[in-house]
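What follows is calculated from the coordinates using simple rules that are stated; it is not laboratory data. All values derive from a computational prediction rather than experimental measurement. Glycine also receives a Cβ, built like all others from the backbone with ideal geometry; neighbour counts cover every protein chain displayed.
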Amino acid sequence: MGTQGGRAAGHARVAASILDADAANLGREIRRGERGGADRLHLDVMDGHFVPNISFGPSTVAAVRRVTRLPLDVHLMISEPSRYVEQFISGGADSVTVHVEVDEPKEPTLRAIRAADRAAGLAVSPQTPIEALDPYRGLVDIVMVMGVNPGFGGQALITECVAKIPRAREFLVDRPLGEVHIDGGVNRDNAELLGAAGVDILVAGSALYRRGRDLGREVRLIRSLADEGWAISHGAPRVPRDRWVPVVVVERERAEPIRAELGAIGIPAIVVASEERPATGRREVLVPAPAESYVRARLPDLLPPPVKANLASGARGQSGIRSR
Ligand code: DX5
Ligand code: ZN
């Protein structure tokens, strides 16, 4: 979940698209992205059918996974995502995004991605209205607004696409961890506008991977300009996905009641599988960082009794709390 530990908590995040990186030196290019402070990697898969270009497939995604700990956003520009999605999941994608325009049922693919505990995304090409997403409400964690016609890096942003960003935000209103990505044509000249429109993740390819470019400086510029834009039109940044903190680890069946109790007092909470190793099947409850101390102070009241309550032991409300 956390990306660049210790970095100031702005809102915008930059995903480095390696499409225009030096493919003969991919490992080196990825390290360049990491050192430059990119928050994610964005991997463009093209099949020469859905788009006129061919890039790479699951084996490259798996190879990238082996050399970086950055989250991997896999963007499938392919006609039959259902056929290959499992390979991208097992290759280590953290999110998989498919195009809403593909001519096959999208719902099973989105569900398969979710079932594997990865974020599921839908991408919207420039000529597609945002309403095309409507049938998939509740199934999507990422809306990827295309800023260019998919297929090639290095194109100019089609500015009409920017108006889709606030609509994409509305579409994700019920998903506290939902993300709006803008993909294609992003650079320092339009980052402020994109931030003001409410984007969370700015995907940048040729703006970063260009000969002679200081990639790190470009990442910082894009991110901070987007944050400036966000602050102008939205005020204080909303708590981004990597600023959620775990407050308690409990048995699976106890997590939902805690989430409901927190929701009832106005604190959004999410439940994720615990990262304990070996796997325990327990759940972590996460809350936004600013709410952490308040929630911790109230935790003993919020924790429902264990299934077989043994209150006499005095352990209630303590055993699960993670020492940090
Ligand atoms: C376009 C790809 C983009 C592309 C972005 O089809 O989906 O991710 O790599 O490249 P730039 O930033 O150069 O537009
Ligand atoms: Zn892309």
Discussion item. If you fit an axis through the alpha-carbon atoms of helix 252-264 and take the longest principal axis of the Cα set of the chain, what angle between them do you get, 0 to 90°, nearest 10?
Written reply: 80
Worksheet entry | Long-range amide H partners of Q155 with built H, under 5 Å | G185
Item to complete: Convert each backbone phi in the stretch 151-163 into a coupling constant with the Karplus relation 6.51 cos²θ - 1.76 cosθ + 1.60 (shift: θ = phi - 60°), then list the ³J(HN,Hα) values in order as whole Hz, x for Gly and Pro.
Response: x, 9, x, x, 8, 7, 4, 8, 5, 4, 5, 4, 5
Worksheet item: If you count, for each residue, the other Cβ atoms within 10 Å and average over each peptide, how do 177-184, 137-144 line up from highest to lowest?
Response: 177-184, 137-144
Item to complete: Stick to the Cα atoms of the chain, pair each with every other, and give me the Kirkwood hydrodynamic radius in Å at one decimal.
Response: 20.7
Worksheet entry | the chain: angle of helix 81-90 to the longest principal axis, Cα-based, in degrees nearest 10 | 60
Practice prompt. Please tell me the relative contact order of the stretch 108-217 in percent, rounded to the nearest whole number, where contacts are Cα pairs under 8 Å and at least six residues apart.
Written response: 23
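Rounded to the nearest 0.05, what FRET efficiency do E170 and A115 have when you use their Cβ-Cβ distance and R0 = 25 Å?
0.45
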Worksheet item: DSSP beta bridges in the chain, what fraction antiparallel, as a percent rounded to 5?
Response: 25
Discussion item. If each DSSP helix of 4+ residues adds -39,500 (n - 2.57) and the sum is divided by the residues in the chain, what number results at 222 nm, nearest 500 deg cm²/dmol?
Written reply: -9000 deg cm²/dmol
Worksheet entry | Mean separation of Cα contacts under 8 Å (6+ apart) over length of the chain, as relative contact order % | 15
